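Heads up: the structure comes next, in structure tokens.
Values in this text are rule-based calculations from the coordinates and carry no lab data. Computed from a predicted structure; not experimentally measured. Here the Cβ is made from the backbone with ideal geometry for all residues, glycine too, and neighbour counts use every protein chain on show.
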């Protein structure tokens, strides 16, 4: 009960406050969009740049941790894709987008604040290791798969792999991560006034993102195929963290800090980017939107469960 009250509820109360304010009309859709643009394109990149530039790459960039998390993520994708394609009979492009929903955990907007509240700011090294390759691995896989699927029945409008590379490399989060790695490896020392400015922006990242997330979720009505949405929710909140926990404890023997970061991040609901991915390709948009909304609400229970059994 302490974990629910002290760790989980404050995070979801901020999301709920954003939802309520948008619902009452005190915050317009344009204002919500502006807040999310600020958070995702500016404040969160500053947070990630500072974090990646400061982590100990040799100690914190733990391959067993990454393997535990991403094997679980791709297990979720495989099961979700197969279920959508062969059990529910969805078209190939729909199935890829539905699989993407079970692949992309909300590692930044939910994973970081919940881990920080549960274990302290010093426990985020593993989270940042996951986040540092999250966009590259997951967007790279999802977009490559989708571009190849879309080009199978018609003439190609350019190299699909080049389109994927351009899209990924224009992502502000990935740009910040790359710059953070460069600063880390080269040991570049920025002027103190620049660091202070970056830290000021970074301090606003998670509160602004959580509040904005509440406003965004107001738009996502629980529509679409309830069975498909249920499948996404179970795979995201149950299967992914269970696989990660099993691998982390029995195969890779992760230390306590790494296990916490991997499992808590794996237990997060699908990120809003899953809807953006579906919307970008014009497929399975209602299912993706509803999956984000319902799984985010139900993740209160899944996070509480995993926090109660983690050491």
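For the pair residue 169 and residue 56, the difference between a 0.36 nm per residue extended length and the Cα-Cα distance amounts to 38.3 nm. Distance between the pseudo-spin-label points of residue 196 and residue 136 (7 Å out from Cα toward the beta carbon): 3.3 nm.
Sorting the segments 9-16, 172-179, 250-257 by their residues' average number of neighbouring beta-carbon atoms within 10 angstrom, most packed first, yields 172-179, 9-16, 250-257. By the count of other C-beta atoms within 10 Å, a proxy for reagent exposure, 186, 144, 265 are ordered fewest to most as 186, 144, 265.
Computed over the Cα atoms, what is the radius of gyration of region 39-142 divided by 2.2 N^0.38 Å, N being its residue count? Mind dumping the intermediate values first?
Details: Rg = 15.6 Å, N = 104, 2.2 N^0.38 = 12.8 Å.
That works out to 1.22 for region 39-142.
Mean residue ellipticity, 222 nm, helices only, the chain: the sum of -39500 (n - 2.57) across DSSP H runs of n ≥ 4, divided by residue count and rounded to 500, is -21000 deg cm²/dmol.
In which sequence would 21, 216 go, from the one with the fewest C-beta neighbours within 10 Å to the one with the most?
Listing 21, 216 from fewest to most nearby Cβ atoms yields 21, 216.
Over the chain, what is the relative contact order in percent, taking alpha-carbon pairs closer than 8 angstrom and at least six residues apart?
Over the chain, the number comes to 35 percent.
Counting only the Cα atoms, region 25-66 fills a convex hull of 93 Å³ per residue.
Of 27, 276, the sequence from fewest to most neighbouring Cβ atoms within 10 angstrom is 276, 27. For region 2-309, evaluate the Debye formula with one uniform point scatterer on each Cα (no solvent term) and list log10 I(q)/I(0) at q = 0.13, 0.16 Å⁻¹, rounded to two decimals. So the normalised log intensities work out to -0.93, -1.43.
Between residue 29 and residue 9, the FRET efficiency estimated from the beta carbon spacing at R0 = 30 angstrom works out to 0.65. State the percent of C-alpha pairs, over all pairs in region 86-141, separated by a distance greater than 12 angstrom. Distances greater than 12 Å cover 70 percent of the Cα pairs. Compactness ratio for region 228-273: Cα radius of gyration over 2.2 N^0.38 Å (N = residue count) comes to 1.22.
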